[in-house]
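Rule-based calculations on the coordinates, nothing more; no lab input. Computed from a predicted model, the values in this text were never measured in an experiment. Every residue, glycine among them, receives a Cβ derived from its backbone with ideal geometry; neighbour counts consider all protein chains shown.
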């Protein structure tokens, strides 16, 4: 009998081999792989778990692949936890195999809608290739009250769980009173002989947070000097019609309207820096509008602009140094003293 060839068309997919080469292979639907990829997508983009139960998602998935079976939020949660367990074991193996010591940074976060407190714990270390590595170990819910004892227990449990309590070099935290009280309690739970110089160099204060406190104290003293500028910005960004009027006036004065006015948040000094930087570009626009617009009754004095220019220059230096201190791809401890000296000399001039 004549042998008949299977003339059905196969779907080919583009896959990569271990050496990075592209290969074409027949596609085979694998429900386990699809569910894992779905879980990874939810993790990557921080989608809510309930999206898998939305009718729109179910219809889209059925259209894309009829063999896909919808899953519940509990099922996808289980897949996510399985991924977490696998990645945790990988990270533990990396930390155990690493021959250098480990530094820790930790801080508290508050969710905006539930007002719950969470502790983020991140480790930093130098691998055998002399490259700096960072891993987020935990994002722990910490029940109230957030006392030093409560934070100490949560952090110590994390260190023990990941088996890194004997490889620590330092811990960097914000310069607040609770953290100051937490560190001695944590040292009592650790074996000081496992720490560098018996733990005398264990506590490191966040450089960026120190600069933040310095700027806030300075703005509390001279902040009233820019109040008329802040009020003027508030007036001209209050409605779309006023924004349009401000933009038209800038064009009439041949001033490029490249950046929109932004109102600062008094508790965030970097937003004050952005507000002043942009407002100074439109100094003549504010002056023109104070003459033309009867409802705009805020007169910004020349002394206000001079103070704003000086303040903006100083805040620019603080902003650039803070950005450098906040880097995650390079060490920052070795440059702290140099840049703090630069700030000191700049403020003395």
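For the reader, a short list of remarks on this structure follows.
- The order of 304, 217, going from fewest to most other C-beta atoms within 10 Å of their C-beta, is 217, 304.
- Residue list for region 182-207, given a label point 7 angstrom along the Cα-to-Cβ vector of residue 317 and an amide N cut-off under 19 Å: 207
- Region 245-285 and region 308-333 have Cα centres separated by 21 Å.
- Degrees between helix 31-45 axis and first principal axis of the chain (Cα, 0 to 90, nearest 10): 10 degrees
- A Förster radius of 35 Å combined with the Cβ-Cβ distance from residue 60 to residue 134 puts the calculated FRET efficiency at roughly 0.45.
- Spin-label model, residue 287/residue 40: points 7 Å from Cα along the beta carbon direction are separated by 6.0 nm.
- Cα-based helix-to-principal-axis angle, 73-97 vs the chain, degrees rounded to 10: 80 degrees
- Based on Cα contacts under 8 Å between residues 6+ apart, the chain shows a relative contact order of 9 percent.
- Seen against the Cα atoms of the chain and their longest principal axis, helix 227-236 is set at about 60 degrees.
- Relative packing of 55-63, 311-319, which averages over residues the other C-beta atoms within 10 Å, highest first: 311-319, 55-63
- Most tightly packed first, judged by the mean number of other beta-carbon atoms within 10 Å of their residues, the peptides 69-76, 34-41, 275-282 read 275-282, 34-41, 69-76.
- Relative contact order (%) - region 13-77, alpha-carbon pairs under 8 angstrom, separation at least six: 26 percent
- Segment residue 200-residue 87, extension gain: residue separation times 0.36 nm, minus the distance between their alpha carbons: 37.4 nm
- Structure-derived mean projected area of the Cα convex hull in nm²: which label, when the choices are [x] 32.1; [y] 18.9; [z] 29.9: [z]
- The label point for residue 248 and the one for residue 77, both projected 7 Å from the Cα toward the Cβ, are 5.6 nm apart.
- Mean Cα-pair separation over length for region 210-348, i.e. relative contact order, pairs under 8 Å, 6 or more apart, %: 25 percent
- The order of 231, 111, 169, going from fewest to most other C-beta atoms within 10 Å of their C-beta, is 111, 231, 169.
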